[in-house]
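Novice: Submitted below is the structure of interest, expressed as structure tokens.
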Amino acid sequence: MLKNIILYIVVFTVVGATSYFLQDLAISVAPTYFGSVLIKAYTFHYLFSLTLVIVFLIASKNNSFFDQLGFMYMGLLVFKIMVFAIVFYPYLLGELIMPQLYRALLLMPVLIFLFLEVFFISKIMQEKRL
């Protein structure tokens, strides 16, 4: 189990850092405040997604929780998106004047870490079913 946790940390760190630096490089003409907002968005999704996957790995070892893991994931996914929308409301929909392109680029970490979450959680659940 420790080997899997280390693997998750390495994969999430490498993919998150690579995608952040590529996105930051691609939008080099962004407003000065956008860089810090993008770092916060990546950090939020990195920590939330990594914690979620590690908790699911630990919870999958308990047979009484395993049947409800899929439902728990769906609820936590909705919770994650709600917390993200609340925390980043001024940047996504609020009064801060920001071009639509940059608002859309704030959603890139959502997609990247959502893919990683689904990949690893489905892998955890498949291994347990076998």
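The values are calculated or read from the model by the stated rules, or taken from the named source; none is laboratory data. Nothing here was measured: the structure is a model prediction, and the numbers come from that model. Areas reflect the complete protein model, heavy atoms only, side chains present, ligands, DNA and RNA absent. Shrake-Rupley method; radii C 1.70, N 1.55, O 1.52, S 1.80 Å.
Novice: Would you calculate a helix-derived [θ] at 222 nm for the chain, using -39,500 (n - 2.57) for each DSSP H run of n ≥ 4 and dividing by the full residue count, to the nearest 500?
Specialist: Details: 7 runs with 109 residues, N = 130.
The helix-only estimate for the chain comes to -27500 deg cm²/dmol at 222 nm.
Novice: What accessible surface, in Å², does a 1.4 Å probe find on residue 74, ignoring ligands, DNA and RNA and rounding to the nearest 10?
Specialist: 110
Novice: So how exposed is residue 122, as accessible area in Å² (1.4 Å probe, rounded to 10)?
Specialist: Spelled out: residue 122, probe radius 1.4 Å, area about 50 Å².
Novice: Sticking with this structure for a sec: Equivalent ellipsoid semi-axes for the stretch 42-118, as square roots of 5 times the alpha carbon gyration tensor eigenvalues: give them largest first, rounded to whole Å. Can you show the working numbers first?
Specialist: Details: eigenvalues 178, 26, 16 Å².
Three semi-axes, in Å: 30, 11, 9.
Novice: Where does helix 2-26 land angle-wise versus the long Cα axis of the chain, in degrees 0 to 90, nearest 10?
Specialist: Result, in degrees: 20.
Novice: Sticking with this one: Do any of 3/61; 3/123; 3/40 go past 26 Å between their Cα atoms, and which?
Specialist: On the way: 3/61 15 Å; 3/123 15 Å; 3/40 28 Å.
Result: 3/40 exceed 26 Å.
Novice: Would you mind estimating how fast the chain diffuses translationally, via Stokes-Einstein at 4 °C and 1.567 mPa s with the Kirkwood radius over Cα pairs, in µm²/s?
Specialist: Values: Rh = 15.9 Å.
For these conditions, the coefficient is 82 µm²/s.
Novice: While we're here: Take the Cα coordinates of the stretch 14-54, assign each an equal point scatterer, and use the Debye formula without solvent to give log10 I(q)/I(0) at q = 0.17, 0.31 Å⁻¹.
Specialist: -0.48, -1.08
Novice: Next question. Quick one: angle between helix 32-60 and the longest Cα principal axis of the chain, in degrees between 0 and 90, rounded to 10, please.
Specialist: Rounded to the nearest ten degrees, it is 10.
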